[in-house]
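What follows is one structure encoded as structure tokens, with my remarks underneath.
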Amino acid sequence: MSRTGADEARSTPPSAWHESQRRAGLHGTLREMAARGTHDKVVALLAQHSPPERAPDALDIGAGTGALSQKLAEAGWRVAACDLYPDAFAAQGIECRAVEDGRLPFPDAHFDVAIAVELLEHIEGHEGLFAEARRVLRPGGLLLMTTPNILSLKSRVQFLLTGYPYSFPSLDPAELDPVAQHITPFSLDRYRWRLAQSGFDVETVDVDKLQSSSRALAFLIPLIRLATRKAARESASVREQNSLRVLLGRKLFILARRREDRRLDRPAAGAA
């Protein structure tokens, strides 16, 4: 991490979660913070849709300790990273810059690929993140993001019984650290809409694994599809939300391509 990134990080309010990691001696230790296999799936999807020999420059947004950044570098991409807390970044030979005031600290049209792994559920105002991702991506660049799948059968039944979808437990109003809680349980339909409003076209939706708990509830699928047809207009988006992989998958992987739209272009604010 650069000295500039370290200095900027000190102006960010402290994170209770990061402080707990520091006390446990884990701060700045390179490790995969997402569910096991998430990073391998990200690398495989990017290799399929935007391989490093064709689109070499990748940005890891919300990079954490840098485990994904390192995997991407080892696979051939030229990697840069950014995070609210860049002092936790531990990948060697890769710069991690501090994010301040919602701005990604990079110039316009600088990357071929931007990745946001397990970030969306921790933030509000996704339009700001998507606008910044669009700004730093080159024309036709790809945004790959992952988030817990609240549309799985397990999640739907859990919400019916408890009022809380999968991976989104009760929020603590006294907890101000966004890293510590999942606060935005969005459906695939809502992400499609928000991405379209922000100048992205979704190209691929995938999942990491099929949950055994959701498989056990597969008998509900005909009822869900019938109820959805009665409650919502028939559309490709509705069918996608009730597709077998989405109903059984644990985590969503959404790959969207930057669309040309001059109305959405926003200039960098002093990024270099």
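The values are calculated or read from the model by the stated rules, or taken from the named source; none is laboratory data. Quick caveat, the model's predicted, so the values are computed rather than measured. Don't worry about glycine lacking a Cβ; one is built from the backbone with ideal geometry, like all the others, and counts go over all protein chains shown.
Listed here are the helices (runs of 4 or more DSSP H) enclosed by region 59-165 that have at least 2 residues being out of contact with any Gly (no Cβ under 8 Å at 6 or more places or on another chain) and over 27 Å from LEU30 (Cα atoms): 126-136, 153-162. State all residues of region 123-143 that are buried (at least 23 other Cβ atoms within 10 Å of the Cβ) and of a type in the set (A, V, I, L, M); if no residue qualifies, say none. The answer is LEU129, ALA133, VAL136, LEU137, LEU142, LEU143.
Restricting region 250-269 to residues that are at pLDDT 95 or above and in contact with an Asp or Glu (Cβ under 7 Å, 6 or more places away or on another chain) leaves a set whose member that is surrounded by the most Cβ atoms within 10 Å (Cβ to Cβ) is ALA256. Can you pull out the residues in region 23-55 that are modelled with pLDDT under 90 and touching a Gly at 6+ places or on another chain (Cβ under 8 Å)? Passing the criteria: LEU30, MET33, ALA55. Residues in region 211-238 that are without any contact (Cβ under 8 Å) to a residue 60 or more places away in the chain, aliphatic (A, V, I, L, M) and touching a Leu at 6+ places or on another chain (Cβ under 9 Å): ALA216 alone.
In the set (1) surrounded by fewer than 22 Cβ atoms within 10 Å (Cβ to Cβ); (2) within 17 Å of ARG215 (Cα to Cα), GLY163 fails one condition alone, (2). In the condition set (1) crowded, with 20+ Cβ neighbours inside 10 Å; (2) out of contact with any helix residue (DSSP H, G or I) (no Cβ under 6 Å at 6 or more places or on another chain), SER152 is compliant with all but (2). Which residue pairs have Cβ atoms closer than 9 Å, lie 6 or more positions apart in sequence or on different chains, and pair a first residue in region 188-210 that is without any contact (Cβ under 8 Å) to a residue 60 or more places away in the chain and over 17 Å from ILE123 (Cβ atoms) with a second residue that is exposed (fewer than 14 other Cβ atoms within 10 Å of the Cβ) and β-branched (Val, Ile, Thr)? Listed pairs, sorted by first residue: none to list. Within region 189-232, restricting attention to residues that are aromatic (Phe, Trp, Tyr) and more than 14 Å from ASN149 (Cβ to Cβ), which residue is surrounded by the fewest Cβ atoms within 10 Å (Cβ to Cβ)? Looking at the filtered set, the residue picked out is PHE219.
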